[in-house]
Amino acid sequence: RDQVMQRLVAEGLLDANKRRPLSPIPLRVGVVTSVGTAAWHDFHQELQSSALGFALTVVDTRVQGEMAEQMVAAAITTLSRRIDLDVLVVIRGGGARTDLAVFDDESIARAIATSPIPVLTGIGHEIDRSVADEVAHTALKTPTACAGELIAIATRYADLSEAAFAAIVRQSQLALTAASTDLSEAAHRIARRTHAAIERADERLSTRVDLLRQRALRRPLPCW
């Protein structure tokens, strides 16, 4: 384990996956786990109960025993090549330290470190810490905590989106109110000017009528 960690540090791989930007709404999730285990059930149930639109792409693999290291590493590598995923999740329930030693394997650590997609881990119990956890973008204590982190991130994004939408609505309402006020004032100004113009026209017309009457009265009558 120590030698694996030293090699990863020397090659600059320990923090490589941590530098990958995590989507603010990681709904498209690639999952590496043993389907049918309590770990998978807890993770899946937690996401389902959130009522958020998570879409899971799952690779069912061994997480202990013969060929487990190669299968987990291959599953991570396969999912990391996809362009339709926001995040990868590697989960496994608790067990004996010798069983969890699978996730100290260098091939798994390298697959996580070199993944272009951020990798979250939820391996074992709260006290367990594997090499896979060390190189992951974010290491959670359990599979359930891993699901909870995804839910928290997505919920935070939804809340921010709702707040932004509400702010847009408020600004729109203020703009519409201001525009309506301006329009009303402009209409009143036009109405006042129109009334004033009509009154002046009426006055001029009345004056001309009076002048015509006066001229008609002063004009001598024709002699027959």
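How high is the relative contact order of the range 114-224? Use alpha-carbon pairs under 8 Å, at least six apart in sequence, and give a whole percent. Can you show the working numbers first?
On the way: 47 pairs, mean separation 16.6, N = 111.
That works out to 15 percent.
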| said: Out of all Cα-Cα pairs in the chain, roughly what percent, to the nearest whole number, are more than 29 Å apart? | reply: 49
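Quick check: at a probe of 1.4 Å, how many percent of the accessible area of the range 47-105 sits on carbon and sulfur atoms?
Values: 1460 of 2890 Å².
It is 51 percent, rounded to a whole number.
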| message | Please report, ordered by residue number, every helix of the chain (full DSSP H runs) that is 15 Å or longer along its axis going by C-alpha atoms and whose mean Kyte-Doolittle hydropathy reaches -0.5. | response | 68-80, 143-218
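Please compute the per residue accessible area over the chain with all protein chains in place, 1.4 Å probe, rounded to a whole number of Å².
Working: 13700 Å² over 224 residues.
That works out to 61 Å² per residue.
Could you put 50, 130, 180 in order of accessible surface area, largest first, with the 1.4 Å probe and the full protein assembly present? Working shown, then result.
Numbers: 50 30, 130 5, 180 70 Å².
Most to least solvent-accessible, the answer reads 180, 50, 130.
Calculate what fraction, in whole %, of the accessible area of the range 116-167 sits on carbon and sulfur atoms when a 1.4 Å probe is rolled over the protein chains.
On the way: 1370 of 2260 Å².
Using a 1.4 Å probe with all protein chains present, the range 116-167 comes out at 61 percent carbon and sulfur.
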| said: Ordering 103, 165 by accessible area with a probe of 1.4 Å, largest first, what comes out? | reply: 165, 103
| remark: Heavy-atom accessible area of residue 159, protein chains in place, probe 1.4 angstrom, given in Å² to nearest 10, is 90
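The values are calculated or read from the model by the stated rules, or taken from the named source; none is laboratory data. Please read all numbers here as calculations on a predicted model, not as lab measurements. Each accessible area value is taken on the protein alone, full model and side chains, heavy atoms only, with ligands, DNA and RNA left out. Shrake-Rupley method; radii C 1.70, N 1.55, O 1.52, S 1.80 Å.
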